[in-house]
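The values are calculated or read from the model by the stated rules, or taken from the named source; none is laboratory data. Every value quoted in this text rests on a predicted model; they were computed, and no experiment measured them. Using ideal geometry, Cβ is built from the backbone for each residue, glycine included, and neighbour counts are taken over all protein chains shown. Surface areas here come from the heavy atoms of the whole protein model, side chains and all, with no ligands, DNA or RNA. Shrake-Rupley method; radii C 1.70, N 1.55, O 1.52, S 1.80 Å.
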Amino acid sequence: MNAAGLIFRPLYWFAGQMFAIWARPTVQPDAPADLITDKTAAVCYVLETGGLADLLAVERACRKHYLPSPSEPFTCRGLKEARRVIALRRKKGFMFRRPSPKGSPRLKRLVETACDTRQELLLVPVALYWGRTPHRERSVFKLLFSENWDVMGRTRKFFATLLFGRNTLLRFSRPLPLSSIVSEDLEPNLAYRKVSRILRVHFRQGRAATVGPDLSNRAAMLDYVMNTPGVRRVIDADAGSSPRARERAERKARKYVTEIAADMSYGTVLVAERFLRWLWNQIYDGIELGHVERLHAVAGDSTIVYVPCHRSHFDYLLLSYIVYEESLQIPHVAAGINLNLPVVGRILRHGGAFYLRRSFKGNRLYAAVFDAYLHHILARGNSVEYFVEGTRSRTGRLLEPKGGLLVMTAHSYVRNPRRPLVFVPVYFGYEKLIEGGSFISELGGAEKERESLLGLLRSVKSLRENFGKVYVNIGHPIELGPLLDRIHPDWRDDTGNNGERPAWLGDVVDELGREIIDGINAAAAVTPISLLAFVLLSTPKQKIGEIELKRQLRLSLDLLERFRYSDSVTLPDLDPDQIIAHGESLRAISRSSHVTGDVIHMAERTAVLMTYFRNNILHLLAVPAAVACCFIQGRQLEHAELQRLVRLIYPFVRKELSLHWETGDIDDVTTEAIEALIARELLTRGSDKKMLVRPPAGSAKAFQLLMLGQSTVPMLQRFYLAIAILVSHGPGTLSRSRLESLCEQSAERLSLIYGLHSPDFFNRTLFQDFIRKLQELNVVRKNDDGKLEFDDKINSIGADARLVLGEEIRHSILSMTLPAPGGEE
């Protein structure tokens, strides 16, 4: 060791000890050594900027994970270097540091060595993000010391290490083998430029995915939105030649921008992260995150639009928290203007919320401003989050997707398709909802409560309860470009005139909305509570023996494994005993002791709330349950007849539960479900192999098949009720709205007499969807007077209902559907 080394080594060691006292970066991935599969190859780390703090951080991480030290001499054939590290963007000067126009000499020597000797060299990119905050011009504190898109000097790096040492991310990337980058016939100088470009792009993409794009101040954003052609056209049209009218229109447009735009504040994000961590620990037993690798796979080179289902106001807080914890850029979240409450609204805005009104109808200027703002943040590469359902689901089923934000997003990409745009479906699975009580009241006819600061404070009391776990699953990403290529191959040449949306975009948005809903459903998380609800709500009085409950839970878990709805569905890692104990701990079920065996039951109010969680997973077993349902009144059916019956009801079941199978594929899906039931000995084949037979009445297997089928019966009762009312009044008698009202009233009366009095059963929206589907299939048509017409083929459905619905309930439905004397009211 030379004299410089004798001085440098102790100082370097001392600096490392001091650094370790305060700076403790989070390392990703958890086992970076696993990234290097070729243990014989030479390794060299590549840093974006370099510097002592970065080197010490990498040194500490390498020592912890048994990787070669970046400070040790680097030896390769014909090449000796003092360190095993490269700084891609260097600075020069001692007192006044400035970016160096020259590249890394060490990298150049490495590439030349690779070209001359064909020795395998692995370049391992290592990215460090001190504080993980985007650049903000108006914040002097952050401008000086936080992570941004500029190369930090020594002073700034010192304060960044001091201030953000424990809020820093160190990310190892997969090694870049020089042998795969440098071609044999490439000159060393050209090879060096190629490698440098690849590394620059890699770091740029990683920085955009982690800290977000470089943020300009609000004044620049305001000017951009105000000067977009779409906004100027509306202002010109509204103002005409009047300067005063133009001034008013511009003032109104600026007011709209201020009302809409997010104002991301990293200080707020840091405080919110700590508060949310405390909050989740207070109310949840944990957050189960599934398939997050899909998110990381697209985050580097794509603009992400998160499209989760909407269950609770906690949804956007949870997703932003998870994204931050995964070291990805925090999304801008579309929030209803009703959440722009005093104090709370400002905090949400600083956390990335941008606000929109419930309706843009009749306000062209507001629509133009909002469209321009959304295009601005998407074009800059900001990730965005919004709920395609438009509002929180009150029933636990997914709602029809709303096209407003989807069409704006798709149009933005069509106008500027430089960066891939990917929609990421996200599924939220709760075991308890703070809003559960209000949802039931609203379904029962109560008015929706307006959000207010006082209401928020009242809800804090419920946070003392145990809300179990929350499950968050990432669905398969949906890239918009290939979808456009499939539906409208010439979209790049047909972008519309004068900024107007092209007519073909509607078909794209319809298909996109359907794929998003399918993606959310396909990523469902089966929770212990949803399983208990699925089983217990199939019993007449929400009561069942503990032994029978365990059998039915085991059956449900087994069917979910055998009849896989998708590869994204996650199941609880609990056995039936643990599921029951979990339900008791959350007070979802109760136990009554008895000498012949304990009875598990739900209180009526709890059972009404549990319909929400049953509906979360009803789609996963809809087809096996439909098959089982066909054996409630009969013991045997031919395979082909069973397929016909499922085929008959499938369009309506698909509409209600947002199932992803096409109608043309349902016969094969039905066969898969039959095979799964045969494997569980719930069905057997007759001697001719065509007939399917259920177990003998009174047997345990017959009881299990009956319980499975009962989960579909309420849906079929609604279908039969609507048709019975329509037929009893005759064609050309009822309007659609009148039919919906009669269905709702009759279903409520039916639930009072025969089952659980749950608003979920007589929810008007379900009848609206069923009637719309009848119209889509041309089973029912509207005449010139707005009345519903139909022909005799609708009567055949009543005959098929005998196979499913009991005689008593069929007669009850028919008796209450007789029209009142004098015809329609």
Go through LYS64/LYS469; LYS402/LYS469; LYS108/LYS194 and tell me which ones have a Cα-Cα distance over 21 Å in this structure.
LYS64/LYS469; LYS402/LYS469
Say each of ARG204 and ASP665 gets a label point 7 Å from the Cα, pointing the same way as Cα to Cβ; how far apart are those two points in nm?
4.0 nm
Packing-based ranking, highest mean first, of 622-628, 509-515 given that Cβ atoms within 10 Å are counted:
622-628, 509-515
Other residues with Cβ under 11 Å from the Cβ of HIS488 give, with Lys and Arg +1 and Asp and Glu -1, a net charge of -4
Paramagnetic reach from ASP598 in segment 522-547 [backbone N under 15 Å; point 7 Å along Cα→Cβ]:
544-547
Computed lengthening from ILE547 to ASP301, 0.36 nm per intervening residue step minus Cα-Cα distance:
83.3 nm
Report the full-extension gain for the segment THR684 to THR733: residue separation times 0.36 nm, less the Cα-Cα distance, to one decimal in nm.
13.0 nm
Under 1.5 on a/c is rounded, so check that first for segment 623-729, then, if it is not, pick prolate when a/b is larger than b/c and oblate when it is not; a ≥ b ≥ c are the square roots of the alpha carbon gyration tensor eigenvalues.
prolate
Taking 7 Å along the Cα-to-C-beta vector as the label spot, tell me the SER359-ALA41 distance in nanometres, rounded to one decimal.
6.1 nm
Net charge around GLU325, counting only other residues with Cβ within less than 9 Å of its Cβ (Lys, Arg = +1; Asp, Glu = -1)?
-1
By average Cβ neighbour count within 10 Å, what is the ranking of 383-390, 522-529 from highest down?
522-529, 383-390
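If you take the beta carbon distance between ARG246 and ASN416 as r and set R0 to 25 Å, what does 1/(1 + (r/R0)^6) give as a FRET efficiency, to the nearest 0.05? Don't skip to the end; give the middle numbers.
Numbers: r = 28 Å, r/R0 = 1.12.
Using R0 = 25 Å, I get an efficiency of 0.35.
In square angstrom, what is the accessible area per residue of segment 234-289 with a 1.4 angstrom probe?
Here the per-residue accessible area is 57 Å².
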Take the alpha carbon gyration tensor of segment 182-325, find the square roots of its eigenvalues, order them as a ≥ b ≥ c, and report rounded if a/c is under 1.5; if not, report prolate when a/b exceeds b/c, else oblate.
oblate
Based on the Cβ-Cβ distance from LYS782 to ALA503, what FRET efficiency comes out when R0 is 25 Å, to the nearest 0.05?
0.45
Per the C-alpha gyration tensor (a ≥ b ≥ c, the square roots of its eigenvalues), segment 325-397 is rounded if a/c is under 1.5, else prolate if a/b beats b/c, else oblate; here it's rounded
Using the basic label-point model (7 angstrom from Cα toward the beta carbon), what is the SER741 to GLU400 distance in nanometres?
2.1 nm
Please give the peptides 317-327, 556-566, 30-40 ranked by average Cβ packing (other Cβ atoms within 10 Å per residue), highest first, as a rough proxy for protection.
317-327, 556-566, 30-40
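With r defined as the distance between the Cβ atoms of ASP485 and THR391 and R0 fixed at 35 Å, what FRET efficiency is calculated, to the nearest 0.05?
0.60
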Using Cα pairs closer than 8 Å and at least 6 residues apart in sequence, work out the relative contact order for segment 667-733, in percent.
16 percent
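Round to a whole number: what % of the accessible area of segment 461-550 belongs to carbon and sulfur, probe 1.4 Å?
Its accessible area is 45 percent carbon and sulfur atoms.
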Please give me the summed charge of the neighbours of PHE423: other residues whose Cβ is under 11 Å from its Cβ, Lys and Arg +1, Asp and Glu -1.
-3
